[in-house]
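Down below is the structure, laid out as structure tokens.
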Amino acid sequence: MAVAGALALIAVAVVVWFASRADTARAELRQTSCTWHRKYIVVAGVIRNTGTRAHDFEITQTFWLAGLGERGQHHLVFVTLAPGASKRWTQPAGRWSDPTGAPIARCAPTVQPVPDPNPND
């Protein structure tokens with residue numbers, strides 16, 4: 001009888017813990033690439049929602065051109081994904097009137113969850 005009561009108490013504690021913890025929105029980027037296409041740098045990849053609920057995410061397209069430094073920091077892509085879903089995204093990240101054709105030294109886009117406008121709903 002005492003064992004059954006203890007197991008019931010543990011079960012209730014686990015349910016309360018899962019119900020009360022904040023669900024953080026998480027996503028990961030895979031297969032990212034940055035390439036020249038005419039006068040544009042095109043940043044592409046796959047985003048996957050690793051959280052437990054649908055959420056909006058913003059992708060910052062960051063890349064570095066050899067000898068020119070960081071570029072593309074302010075070009076954002078917004079994606080809405082269901083939990084566990086993946087989606088391919090492609091976006092021109094910058095246009096040059098005279099493309100340098102400089103080698104792309106580093107391609108490192110990042111993803112962040114868009115803050116909830118009503119976090120208490």
Output the residues belonging to the range 50-70 that are part of a strand (DSSP E or B) and either at pLDDT 85 or above or buried (at least 17 other Cβ atoms within 10 Å of the Cβ) (or both).
-> HIS55, ASP56, PHE57, GLU58, ILE59, THR60, PHE63, TRP64, LEU65
Residue list for the range 33-49, restricted to those being at pLDDT below 90 and either polar (S, T, N, Q) or in a strand (DSSP E or B) (or both) = CYS34, THR35, TRP36, HIS37, TYR40, ILE41, VAL42, VAL43
Identify, by number, the condition in (1) within 20 Å of the chain's Cα centre (by Cα); (2) modelled with pLDDT of 80 or more; (3) farther than 12 Å from ARG26 by Cα that GLN73 doesn't meet.
-> (2)
Of all residues in the range 76-99 being modelled with pLDDT of 65 or more, among the polar types (S, T, N, Q) and surrounded by fewer than 16 Cβ atoms within 10 Å (Cβ to Cβ), which is nearest to SER33 (Cα to Cα)?
-> THR90
Considering only residues of the range 35-51 that are free of Cβ contacts under 8 Å to residues at least 40 places away in the same chain and of a type in the set (S, T, N, Q), which is farthest from THR80 (Cα to Cα)?
-> THR50
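The values are calculated or read from the model by the stated rules, or taken from the named source; none is laboratory data. Computed from a prediction, not measured in an experiment: that's the story for all the values here. Neighbour counts are summed over all protein chains in view; Cβ atoms, including those assigned to glycine, are modelled from backbone coordinates with ideal geometry.
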